[in-house]
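Here's the structure, in structure tokens; my notes come after.
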Amino acid sequence: MNRTLVICKPDAVERGLVGEIIGRLERKGLSLVAAELRTIDAETAGRHYAEHEGKPFYGELVSFIGRSPALVAVVEGPDDTWKIVRTLMGPTNPAEAPPGTIRGDLATEMGENLIHGSDSADSAAREIDIFFPGLA
Ligand code: RTP
Ligand code: MG
């Protein structure tokens, strides 16, 4: 089995879409290994989004991800589970995300795109270790 990190971002919790989002992952055949509602502090957000440090949207991103509680989860499935989650999520910009994807069906804005999923096997291991040490 293979694991990845999923975050139902603050907008998803605020809009009451956590069940819808996690339900889509579960219906696909993936399972929850861990899940916790938590307000992500700036230091943790900085570690999680380290690859984006220095980019114009970085400050807004860190502030958004910590503005209210998020549902942080470890999801398990077969090989390359991170890729399965990314396919279900759709592209970063909801305006370009096709219908049938989480972002395509449920979001309109780049800055409020509901869900984070690790973007590689290495990212999945690194990110799980930030939020749930030992679970990767
Ligand atoms: P995420 O990490 O949150 O799962 O999203 P992602 O992989 O689809 O996109 P990524 O490139 O990692 O960007 C992280 C988040 O930063 C915001 N962003 N804004 N204005 C922009 O050009 C821009 N680019 C990225 C998005 O909210 C994206 O989810
Ligand atoms: Mg990303």
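FYI, it's all coordinate maths here, none of it is from the lab. These figures come from a predicted structure and were not determined experimentally. With ideal geometry, Cβ positions are generated from the backbone for all residues, glycine too; neighbour counts draw on all protein chains shown.
Going from the residue with the fewest nearby Cβ atoms within 10 Å to the one with the most, VAL33, VAL85, VAL62 rank VAL33, VAL62, VAL85. Here the Kirkwood formula puts the hydrodynamic radius of segment 2-131 at 14.5 Å, using every distinct Cα pair.
Debye calculation, C-alpha points only, no solvent: report log10 I(q)/I(0) for segment 75-136 at q = 0.18, 0.20, 0.24, 0.30 Å⁻¹, in the same order as the q values. Per q value, in the given order, log10 I(q)/I(0) is -0.66, -0.76, -0.93, -1.13. Label separation (ALA42 vs ARG15): 2.7 nm, computed from points 7 Å beyond Cα along the C-beta direction. Just in segment 49-136: which GluC sites (Glu not before Pro) are loop by DSSP and have at most 13 other Cβ atoms within 10 Å? In loop regions of segment 49-136 (DSSP not H, G, I, E or B), the sparsely surrounded GluC sites (Glu not before Pro) are GLU53. Counted by neighbouring Cβ atoms within 10 Å, the residues MET110, MET1, MET89 run from fewest to most as MET1, MET110, MET89. Subtracting the Cα-Cα distance of TYR58 and THR92 from their residue separation scaled by 0.36 nm leaves 10.8 nm. Exposed loop positions in the chain were taken to be trypsin sites (Lys or Arg not before Pro) whose DSSP state is not H, G, I, E or B and which have at most 16 other beta-carbon atoms within 10 angstrom. Between these positions, the longest stretch is 68-136.
Put a plus charge on the Cβ of each Lys and Arg, a minus charge on the Cβ of each Asp and Glu, and nothing anywhere else: the dipole of the chain about its Cα centre is then about 240 debye.
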